[in-house]
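**Student:** Let me begin by handing over the structure; questions about it come next.
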Amino acid sequence: MSAVTYESAAAFAQTGGLLYFVVLFAAVVLYAFRPRHRARFDAAAHLPLIED
């Protein structure tokens, strides 16, 4: 049984973290560009321009 070194653990964590954030980024982009969410995002974009 081989011992886990700091270098191998760090490389595994970096690769896992990279894959996690790439998948998370892709999910956010897909959510943002879904056509059914367009009305919600258009309404949110106009909120700063609405005067009370």
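Read the figures in this text as sums done on the coordinates, not as results from a lab. Keep in mind that this is a model prediction, so the values were computed, not measured. A quick note on method: Cβ atoms are made from the backbone with ideal geometry, for glycine too, and the neighbour counts reach across all protein chains shown.
**Student:** Would you be able to say whether some residue in the range 33-50 is surrounded by 10 or more Cβ atoms within 10 Å (Cβ to Cβ) and β-branched (Val, Ile, Thr)?
**Tutor:** No: the range 33-50 contains no residue that is surrounded by 10 or more Cβ atoms within 10 Å (Cβ to Cβ) and β-branched (Val, Ile, Thr).
**Student:** With the condition kept exactly as written, say whether any residue in the range 33-40 is under 19 Å from the mean Cα position of the chain (by Cα) and aliphatic (A, V, I, L, M).
**Tutor:** no
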